[in-house]
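Worksheet: one structure, shown below.
Every read-out reported here was derived from the displayed coordinates using simple, explicitly stated rules and does not represent laboratory data. Here the structure is a predicted model, which is why all the values come from computation and not from measurement. FYI the Cβ positions are ideal-geometry reconstructions off the backbone, even for glycines, and counts take in every protein chain you see.
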Amino acid sequence: MSVKKHMLACVSILLVGSFLLPATGLAQEETWQRAYQAYSGGNFSEAERLFLEVVEEYPEWGWAHLMLGITMQQRGKSTEALDHLQLAKDTVAEDQERFMVHNAIANVQLLQENYDSAISEANEAAQYAQNDDNRATVAKTKGQAYYWKEDWQAAVREFQRAATSRTGDANVYAMLGRAQYELNDKDAALDSLTRAAQMDRRNKLALYFAGLIHLEDRDYAEAVRVAELAIQADPQDTNIRSMLGRSYLGSQRFADAIQAFEVVLSSNPNDGSARYNLGQAYQFSEDWGRAIENYQAAVAQLPAGSAASAACLYDLGFTYEKVGRYEDALAAFNDSAAIDGTSRVAEAIARVEERIRRAKEKKDGGI
């Protein structure tokens, strides 16, 4: 299935509060402390400016390059961040520093979608991991790389390792749950996703896939509940709103479904699936005219020859039949049968052909 990415990779680092400059750098020591405070407070622009001052004074100091690189990564400057992190890798001496440099580089590689390089750097970081928390950090980094590579089994393995220490990390459990879902282990997935949502009630990745599982299991009431929480987390996410609309359909809340799909189509007018689902909502509301209008549009937008196209053509034929347009109904049913000749379509074709025959006989025989 195609689901857009719900989260970006983030640098997983361990910061220690007191890193002093060389004894001769008393003036820059104050700058360093201000930079570190700015970073800790989330003021990355100011932190970058101050760390740059320190690097200019001490160009061979690997720790300063490390912190500058991490700060630049937080500001989306991946290429510049990588330059400073590479300098740090060549100059740091302590194992903990090496661990942090390799893991930071791995996370930048994640952002640049160089997943194999990210895994390689994470493996280097693992050689310098000093405790369970370090090892869990590496596992999370590798898990993300495998996740974006869609190597779901490897992703599950690494996220499970990460979860042993990062028990309060909602993103680890959310990504673990999504990977388990892709492996069709829905029970385990729902457990992981629910745990993530309990930690972070606005974690839309966890809420989206938990809702999707409930929807696929036809537990529509629970699907609606979870999807409504997910849409609160991100009202602009059309994937979530489509899932919400489908959950409303299953719950026979057709007016709510119509509203949900109309919102999706206002952003993505060429979304054939949303258009088809909107047609279904109108069909179940017995608004045959609007159902036909949306089914016709959906047929043009859905992939030709797909199962979705076959289903849409069948429903188009059904609505034509409801308003007495039997020739149009027969054409739609035949087009559906050409893609997927199920017994249901064959029965519909026979039924409509009989209606056409009787109408012709009545016309020929007069009144």
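Using r as the Cβ-Cβ distance of Thr342 and Ser117, and R0 as 45 Å, what FRET efficiency do you calculate, to the nearest 0.05? Don't jump to the answer; show the numbers that get you there.
Numbers: r = 48 Å, r/R0 = 1.06.
Taking R0 as 45 Å, the efficiency between Thr342 and Ser117 is 0.40.
Just in segment 147-231: which GluC sites (Glu not before Pro) are loop by DSSP and have at most 13 other Cβ atoms within 10 Å? All intermediate terms of the calculation are to be shown ahead of the outcome.
On the way: sites: Glu150, Glu158, Glu182, Glu216, Glu222, Glu228; in loops: Glu150.
Those satisfying the criteria are Glu150.
With a point put 7 Å past each Cα toward its Cβ, work out how far Gln86 is from Phe284 in nm, to one decimal.
5.6 nm
Could you work out the helix-only [θ] at 222 nm for the chain, with each DSSP H run of four or more residues adding -39,500 (n - 2.57) and the total divided by the number of residues, to the nearest 500 deg cm²/dmol? Could you put the intermediate results ahead of the total?
Values: 19 runs with 277 residues, N = 367.
About -24500 deg cm²/dmol.
Evaluate the distance, in nm, between pseudo-label points positioned 7 Å from the Cα of Asp132 and of Glu222 along their respective Cα→Cβ axes.
That separation, rounded to one decimal, is 3.1 nm.
Please compute the contact order of the chain in relative form: average sequence separation of alpha-carbon pairs under 8 Å and at least six residues apart, divided by the residue count, as a percent. Intermediate results must be reported in sequence, preceding the final value.
Working: 531 pairs, mean separation 24.6, N = 367.
Rounded, it is 7 percent for the chain.
Lysines near Lys89 by alpha-carbon distance under 29 Å, same-chain residues fewer than 8 away left out - which ones?
Lys77, Lys140, Lys142, Lys149
Could you check the spin-label model distance between Lys149 and Ala350? Points 7 Å from the Cα along Cα→Cβ, value in nm.
Taking the simple label geometry, Lys149 and Ala350 are separated by 5.3 nm.
Considering the chain as a Gaussian network with a 10 Å cut-off on Cα pairs, which listed residue, Asn203, Asn171, Asn239, attains the greatest mean-square fluctuation?
Among Asn203, Asn171, Asn239, the largest mean-square fluctuation in the Gaussian network model of the chain belongs to Asn239.
Over the C-alpha atoms of the chain, what are the Rg and the largest Cα-to-Cα span, Dmax, in Å?
Final numbers for Rg and Dmax: 28.4, 111 Å.
Taking the C-alpha atoms of segment 169-314, how large are the radius of gyration and the largest Cα-Cα span, Dmax, in Å?
15.8, 50
Using a ≥ b ≥ c from the Cα gyration tensor of segment 272-367 (square roots of the eigenvalues), is it rounded, prolate or oblate, where a/c under 1.5 gives rounded and otherwise the larger of a/b and b/c decides, a/b for prolate? Don't skip to the end; give the middle numbers.
Values: a/c = 2.69, a/b = 1.59, b/c = 1.70.
Cα axes put segment 272-367 in the oblate bin.
Would you kindly state how much longer the chain becomes between Ser266 and Glu94 on full extension, computed as 0.36 nm times their sequence separation minus their alpha carbon distance, in nm to one decimal?
Details: separation 172, 0.36 × 172 = 61.92 nm, distance 5.52 nm.
Length gained between Ser266 and Glu94: 56.4 nm.
Starting from the Cα-Cα distance between Lys360 and Gln198, subtract it from 0.36 nm times their residue separation and give me the gain in nm to one decimal. Spell out each step's value before the answer.
Working: separation 162, 0.36 × 162 = 58.32 nm, distance 6.38 nm.
51.9 nm is the gain from fully extending Lys360 to Gln198.
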